[in-house]
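The values are calculated or read from the model by the stated rules, or taken from the named source; none is laboratory data. Keep in mind the model is a prediction, meaning the values are calculated, not measured. Glycine gets a Cβ as well: all are built from the backbone with ideal geometry, and neighbour counts include every protein chain shown. With ligands, DNA and RNA removed, areas are computed over all heavy atoms of the protein, side chains included. Shrake-Rupley method; radii C 1.70, N 1.55, O 1.52, S 1.80 Å.
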Amino acid sequence: MSPRQEDAKTKHLSKVLAHVKNKAPKKDVNNLLQFVPQYFSTIAAEDFLERSPLDLYGAVKSHWDFAQIRNSGTPSIRIFNPSQRKHGWKSTHTIVEIVNDDMPFLVDSTNLAVKKNGFAIHLTVHPVIHVKRDDRGNLIELVKSDSQEKGVVRESLLHIEIDRDTEQKVLDDLGNELSKVLSDVRAAVTDWAATLDQALSIRDHLAKHPPPVEESEITEALNFIDWLIANHFTFLGYREYELITEKGEDVLRAVADTGLGILRGSGTAPSKSFLVLPKDIRKQARSKEILIITKANSVATVHRSSYLDYIGIKKFDAAGEVIGEQRFLGLFTSSAYSRSPRDIPLLRQKVAQVMLRSGLSQNSHGGKALLHILETFPRDELFQASVDELFYVAIGVQQLQERQRVKIFMRRDSFGRFFSCLIYVPRDRYTTLVRLQMQEILKAELNGLSVESTALISESTLARVHIIVRTTPWKFPKMNMRKLQAKIEAVVRSWQDELKDAAIARFGEERG
C-alpha cells in the first residue's frame, strides 16, 4: 500500500468511526471503536475506498451483532442480502458472515465451499479477535491480543461477499455446505496431533516388528513415514481396517473407534473402495508390499480442492501375514512437489531403478536427458506408478528426442478408478483449445465421468499435457490405442500440416 493509499484509507476509516460514535448503542461504542480498525486492518485500500463509510459501518456492525452469542465449538453462519430498509446498509453482493474458533485452513476451505456451489468471491475480510464469553456463549468483552487473562478465546471472523442470489434454497444449500466443511476442518485440526501420534506409533512398530520383506524396502518405508511427518504431508484423517474373510471373500472392514479427523466414526463398515475391486485384485491386498500410495475417490474439503492423497500402511501378524491396513488421508504439501524426487524416499528408489534398467550413465547425454524427464515428471505419477510403468513412459519420452510429433502414454490406476494420460505435442501447436479438445476425446473414449488437466510448457520443443480421466471403477471400454492416437493427432494437426504432407506425397520430400 502506497503512502497516499494508506492516508486515504485512514481518512475513510475515520468516517466509519464517526458513524460508530453517532449511530451505535452506547454500550457498544467503546468495543466498536477498538473492533472496527482491527476488522478492516487487512482489507486492500481499493476495496475499502470503493465502499461508502455508511455501508462499511453497516457491515462491521452487522458482524459485531452476529458475534454477540456463539456456542463453544460450533461455528455461527449467516447468509443474507442486506438492504438499506431492513438492515441499514446495502451491498450489491450476497453476504456470508461466519464466527468460529480460530484454526488453520478456515479461509481456504471456506472459499473452496463457496466456489464449489458456483459463486464467485468479490471480497474476503478475515479479522481474528480475542474475546471473553460467559457459559451461555454471550460475548462479555473484546480484549487485546496480548492479554493473559483466563478464559480468553481466539476467534476467527469471516465476511465474504459473493455473487448476489436471492433464492433461499440456493443460500440454504451454501449454508449446509459451509457447515459441513467447517465441521471437517474442526475434526482435522482437533485430531491432528492424535493422527500424527498414530503415524509415529505405526513407524515405531514397523521398525521393531519388521515384516518378512527385503530390509531395503523396510528402511525406505520407515524413511518415507519420517519424511511424511516432517511437514511434507497434511494429515487430515486416519482409520484402521482389518483384512478378514467373509463368505470365502476378502473384506477390508473398519476397526471400531479408530477413526480420526475426517475419517471420524465408530462404525465397522467395509471399505467401499475395496468392495468394488475385482476378486483377483482384492487378493493383492495380501501381498507383502508395505505401502500403498494412490489418490482417494473424494475431493478434499479442507485446505485445497484436489483429490485426497491416500497412504496405506499394511499391518502384519506375528507370522508375517497381512491382516489389515492403516489408512491415512491428507494432502502432500507444496514442498513435496517442488523438491527433487532424488531427495524423497521411495521416489529416489524408483528413479534409481529406472536409471539402472536403462543402462545409461548419469553423466552421458542420454542419461542426463532421462534423468531430466524423471525430475520433471508429474509428481503424483512418480508416487503412484510402478517402476515398470515409469520406465516404459520415461524411455518412450526420451525416444521422442524432441521430435515434432504427438505421442500419448496412458496408465490405468491400479484401483481401476481413473486413467492417467500424458500427451506430448509440439509446443508451437499447443493451445488451450487443443487441450480442451483432447480432454473431450479422452472423456468420450474412456467413458469418463470427469476430467482434469495440467500443462507444462518449458524450453523443450514439446509441450506436455497431463489429463486425468475419472471413470466408474472397473468399467472400462474397449479401446484401440492406435485409433485414439490418430484422433489426438488430428486435433493437433493444422491445415498447413495436411498441405505439407500432400505436397511431400506428390512431389517428394525435398521439393514438397
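Values computed for the structure shown
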{"quantity": "Cα-based convex hull, the stretch 382-497, per residue volume (Å³, whole number)", "calculated": "109 Å³"}
{"quantity": "Residues V107 and A194, FRET efficiency given R0 of 30 Å [Cβ-Cβ distance, rounded to 0.05]", "calculated": "0.80"}
{"quantity": "Sites matching GluC sites (Glu not before Pro) across the stretch 164-263 that sit in DSSP coil, with at most 10 neighbouring C-beta atoms within 10 Å", "calculated": "E167, E214"}
{"quantity": "L17/D204 FRET efficiency (R0 51 Å; Cβ-Cβ; nearest 0.05)", "calculated": "0.35"}
{"quantity": "Two-decimal ratio, the stretch 289-440, of alpha-carbon radius of gyration to 2.2 N^0.38 Å", "calculated": "1.19"}
{"quantity": "Segment S334-E246, extension gain: residue separation times 0.36 nm, minus the distance between their alpha carbons", "calculated": "27.5 nm"}
{"quantity": "For the stretch 324-409, fraction of C-alpha pairs farther apart than 17 Å, in %", "calculated": "51 percent"}
{"quantity": "Where the Cα pairs of the stretch 44-186 fall when distances are cut into 10 Å bins, in %", "calculated": "10, 41, 36, 12, 1"}
{"quantity": "Projected label distance in nm at A444 and D7, using a 7 Å step from Cα toward the beta-carbon", "calculated": "6.2 nm"}
{"quantity": "Solvent-accessible surface (1.4 angstrom probe) belonging to D226, in square angstrom, nearest 10", "calculated": "60 Å²"}
{"quantity": "Label-zone membership for the stretch 302-320, site R379, 7 angstrom Cα→C-beta point, backbone N under 13 Å", "calculated": "309"}
{"quantity": "The stretch 1-121 - Rg over Rh from alpha carbon coordinates, Kirkwood radius", "calculated": "0.96"}
{"quantity": "Over the stretch 406-470: Kirkwood hydrodynamic radius from C-alpha pairwise inverse distances, Å", "calculated": "12.0 Å"}
{"quantity": "Two-decimal log10 I(q)/I(0) for the stretch 151-287, as the Debye equation yields it once each C-alpha is a single scatterer, q = 0.14, 0.16 Å⁻¹", "calculated": "-0.92, -1.07"}
{"quantity": "Using alpha carbons only: equivalent-ellipsoid semi-axes of the stretch 274-330, gyration tensor based, whole Å", "calculated": "25, 14, 7"}
{"quantity": "Projected label distance in nm at I457 and D135, using a 7 Å step from Cα toward the beta-carbon", "calculated": "6.5 nm"}
{"quantity": "Per residue accessible area of the chain, 1.4 Å probe, in Å²", "calculated": "51 Å²"}
{"quantity": "Cut-off 13 Å (backbone N to label point 7 Å along Cα→Cβ of S183), residues of the stretch 233-265", "calculated": "262-265"}
{"quantity": "Of all accessible heavy-atom area on the chain, the percent that carbon and sulfur account for (1.4 Å)", "calculated": "50 percent"}
{"quantity": "Cubic angstrom per residue, convex hull over Cα atoms of the chain", "calculated": "231 Å³"}
{"quantity": "Kirkwood Rh and Cα Rg combined as Rg/Rh, the stretch 161-232", "calculated": "1.34"}
{"quantity": "Modelled label reach - Q68, point 7 Å along Cα→Cβ, the stretch 24-41 residues with backbone N closer than 19 Å", "calculated": "24-36"}
{"quantity": "Debye-sum result for the stretch 240-365 in log10 I(q)/I(0), which assumes one identical scatterer on each alpha carbon, at q = 0.09, 0.22 Å⁻¹", "calculated": "-0.36, -1.34"}
{"quantity": "Nearest-ten-degree value, helix 3-23 long axis tilted from longest Cα axis of the chain", "calculated": "50 degrees"}
{"quantity": "K169 versus K26: modelled label distance in nm, points set 7 Å from Cα along the beta carbon direction", "calculated": "5.0 nm"}
{"quantity": "Where GluC sites (Glu not before Pro) fall in DSSP loop in the stretch 36-101, at most 14 other Cβ within 10 Å", "calculated": "E50"}
